[in-house]
Amino acid sequence: MATNRRSAVKNLLAGTAALSATGLINMNQTQAAPSEESTSLKGNINHSACRWCYSDIPLDKLCAEGKKIGLKAIDLVGPKEWDTLKKYGLHSSMCNGAEINLVDGFNDKKFHETLVKQYSEMIPLVAKAGYTNLICFSGNKRGKSDEEGWENCVTGLKQLMPLAEKHKVVLVMELLNSKLNHKDYQADRTWWGAELCKKLGSENFKLLYDIYHMQIDEGDIITNIKQYNQYIAHYHTGGVPGRNEIDSTQELYYPAIMKAIVATGFKGYVAQEFVPTATDKLASLQKCVQICDV
């Protein structure tokens, strides 16, 4: 299934009517609640789910049913929706809202003024709300070399590191594939992001390792997790090919990947970021959480 994450994220706040969970009830009704047995999780993984993948489900519904599934957090939620998460005792595991978009990022100096202003305003809000992670993006290369991209990112991000360190907020750059979904995106390899972390030299800048994206661009998922785990603050899931359910229909074996993550001592969040193909999206989410619960 083709996805348009940019459009989905942009339109989240508009909201739409919830879809039905099965073909047995009217399409205007809400989806079926997850089964009660789903709450029995092992506790080794802090489970989250990305809001944009369930944009047709009201956030209140997603939070209430997500709690039953065993979610501890919701990903990619901005300040306007934090109160809803708090109402259900859920964390905002990856905050957003300071970025310009996915293509205009820190690797281009012409965006620095805007980005520094927006992140300087957002960092204190994230901290005041009791959260830690705030997403950011490299942006597209537009002809820049690896070295120029690193240099420009360091120039822009260094302006924010003192504020982030003061408020104990971590700016987390997402790794995205440039082969299929995000053509020309610069931070498209784990080693590139790790080198940027080294150049910045701050524990308040780390990486969002998207397993789907990195499988497409470089593979060696478990090897890279082991090698670069000290630079990774957060994980996203997704089936390959297609970014759909992470089950036996695709090429990645998530239980082994999750065991590798746990073995590194990781204490952050793993967020489901697959696009459900099943009619009952909440049941699909429950299934994939259980696959990752090792």
Discussion item. Quick check: pseudo-label points 7 Å beyond the Cα along Cα→Cβ at LYS158 and THR223, how many nm apart are they?
Written reply: 3.3
Worksheet entry | Cα-based Rg and Dmax for the stretch 134-197, where Dmax is the largest Cα-Cα distance (Å) | 12.2, 38
Practice prompt. Take the solvent-accessible surface of the protein heavy atoms, probe 1.4 Å, and return the percent of it on the chain that carbon and sulfur atoms account for.
Written response: 50
Worksheet item: In µm²/s, what is D for the stretch 204-250 at 25 °C and 0.890 mPa s, where D = kT/(6 pi eta Rh) by Stokes-Einstein and Rh is the Kirkwood radius from Cα pairs?
Response: 218
Fill in: Rounded accessible area of GLU195 (nearest 10 Å², 1.4 Å probe)
60
Practice prompt. Report, largest value first, the span of the C-alpha coordinates of the stretch 154-238 along each principal axis, in whole Å.
Written response: 36, 26, 20
Worksheet item: Can you give the net charge of the other residues whose Cβ lies under 15 Å from the Cβ of GLY149, counting K and R as +1 and D and E as -1?
Response: -1
Discussion item. Going by Cα centres, the stretch 44-91 and the stretch 139-212 are how many Å apart?
Written reply: 26
Discussion item. How high is the relative contact order of the chain? Use alpha-carbon pairs under 8 Å, at least six apart in sequence, and give a whole percent.
Written reply: 19
Worksheet item: Across the Cα atoms of the chain, what radius of gyration and what greatest pairwise Cα-Cα distance (Dmax) are found, in Å?
Response: 18.3, 57
Worksheet item: Which aspartates and glutamates, on any chain, are close to LYS67 with Cα under 16 Å apart, when same-chain ones fewer than 8 places away are left out?
Response: GLU36, GLU37, ASP75, ASP83, ASP293
Item to complete: Please state, to two decimals, what the Cα-based radius of gyration of the stretch 87-192 comes to when divided by 2.2 N^0.38 Å (N = residues).
Response: 1.08
Fill in: Solvent-accessible area per residue, Å², over the stretch 148-230 with all protein chains present [probe radius 1.4 Å]
39
Worksheet item: Does anyone have the angle between helix 254-263 and the longest principal axis of the chain? Alpha-carbon axes, 0 to 90°, nearest 10?
Response: 50
Worksheet item: Helix 146-158 versus the longest principal axis of the chain: what is the Cα-based angle in degrees, 0 to 90, to the nearest 10?
Response: 80
Worksheet item: Across the stretch 255-294, how large is the tail of the calculated P(r) beyond 13 Å, expressed as a percent of all Cα pairs?
Response: 56
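The values are calculated or read from the model by the stated rules, or taken from the named source; none is laboratory data. In this text, all values refer to a predicted model and were calculated from it rather than measured experimentally. Here Cβ is always computed from backbone atoms with ideal geometry, including for glycine, and neighbour counts include all displayed protein chains. These area figures cover heavy atoms from the full protein model, side chains too; ligands, DNA and RNA do not enter into them. Shrake-Rupley method; radii C 1.70, N 1.55, O 1.52, S 1.80 Å.
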